[in-house]
Amino acid sequence: MNFSNVSYLYLTAAIISEVIGTSALKASNEFTRLVPTLIMLTAFLSAFYFLTLTLRTIPVGVAYAIWSGVGIVLISVVSRVLFGQKLDPPALIGMGMIVAGVLVINLFSRSSPH
């Protein structure tokens, strides 16, 4: 496995950690519940740690675009499942555009490591 592939594994870990942290943030009820608050802190620290490892080989703009785009979609799915939050058609269309942007970066940009 070359370093670029390892960086994408780190980025995946950062995204998953961030989604866990954001979900725990919602569950913490404004930091009034200890366990979700501790999960949130641990997850966000993990997310930023893995992001720093990602930035060894993936440009920060590309990494952040992927992180935010994939994170938006995943947290929306998790919010629907865990919290019953629904998205309207404009929100879904906007997320589709974000996913399309991430695909364009990864498939066509010379800034993105291949």
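The values are calculated or read from the model by the stated rules, or taken from the named source; none is laboratory data. Keep in mind that this is a model prediction, so the values were computed, not measured. Counting neighbours? That spans all protein chains shown, and the Cβs are built from the backbone with ideal geometry, glycine included.
The set of residues in segment 23-37 that are surrounded by fewer than 20 Cβ atoms within 10 Å (Cβ to Cβ) and not acidic (D, E) comprises L25, K26, A27, S28, N29, F31, T32, R33, L34, V35, P36, T37. Which ones in segment 70-114 are in contact with a Leu (Cβ under 7 Å, 6 or more places away or on another chain) and at pLDDT below 90? Once the filter is applied, which keeps residues that are in contact with a Leu (Cβ under 7 Å, 6 or more places away or on another chain) and at pLDDT below 90, segment 70-114 yields nothing.
For segment 89-112, the criterion of being within 14 Å of S4 (Cα to Cα), surrounded by 12 or more Cβ atoms within 10 Å (Cβ to Cβ) and either of a type in the set (V, I, T) or touching a residue at least 60 places away in the same chain (Cβ under 8 Å) (or both) is met by none of the residues.
Residue under question is L74, and the condition is that it be surrounded by fewer than 16 Cβ atoms within 10 Å (Cβ to Cβ), farther than 15 Å from Y8 by Cα and not charged (D, E, K, R); does it hold? Steps first, please.
Working: surrounded by fewer than 16 Cβ atoms within 10 Å (Cβ to Cβ): no; farther than 15 Å from Y8 by Cα: yes; not charged (D, E, K, R): yes.
It is false that L74 is surrounded by fewer than 16 Cβ atoms within 10 Å (Cβ to Cβ), farther than 15 Å from Y8 by Cα and not charged (D, E, K, R).
Within segment 45-64, residues that are free of Cβ contacts under 8 Å to residues at least 12 places away in the same chain sit with their Cβ atoms under 7 Å from residues that are outside any loop (DSSP other than H, G, I, E, B) and of a type outside the set (D, E, K, R), at 6+ positions apart or across chains, in these pairs: L55/A63. Selection of segment 7-35 for residues being closer than 16 Å to I58 by Cβ, hydrophobic (A, V, I, L, M, F, W, C) and over 10 Å from the mean Cα position of the chain (by Cα) yields only L9.
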